[in-house]
Amino acid sequence: MAEPAQPNVWQNVRLDAIFHALSDTTRREILRDVATGEKTMNEVARPYRLTLAAVSKHVKVLEEAELVARERRGSFHLVKLKADRLREAEEWISFYERFWTERLDAMAKFLEGEEG
């Protein structure tokens, strides 16, 4: 199996920010919610037993990871998903998916050989 290309420093910084943002349940739920369409901050905060300020801090972490964008329209702050940034995390994870698929396929072939 081919080794993944070594990420440069900036790619590592971006991946660190993405995985940090995804490490929190509330932030993952916010991402899932805004994936259905842009939401006002009040709409984003509504499902949680958190203050608007606390939800805003979660959104800020997602913004820093470039997973969401916040835009001001009049008196509203709208939050929308930036799904393209998730591709970097998916690419990193896909290497290990291929790694484990190959290992499990090899183990299945080995076990099939023992049965015969």
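Convex hull volume of the C-alpha atoms in segment 10-116, normalised per residue: 132 Å³.
The shape of segment 64-116 comes out prolate: with a ≥ b ≥ c from the C-alpha gyration tensor, a/c is at least 1.5 and a/b beats b/c.
Compared with the dominant principal axis of the Cα atoms in the chain, helix 52-64 is inclined by about 50°. Compute the angle between helix 25-34 and the longest alpha-carbon principal axis of the chain, please, reported from 0 to 90 degrees and rounded to the nearest 10. It is inclined by approximately 70 degrees.
Quick note: the coordinates plus some simple rules give every number you see, no bench work behind them. Because the structure is a prediction, the values reported are computed rather than measured.
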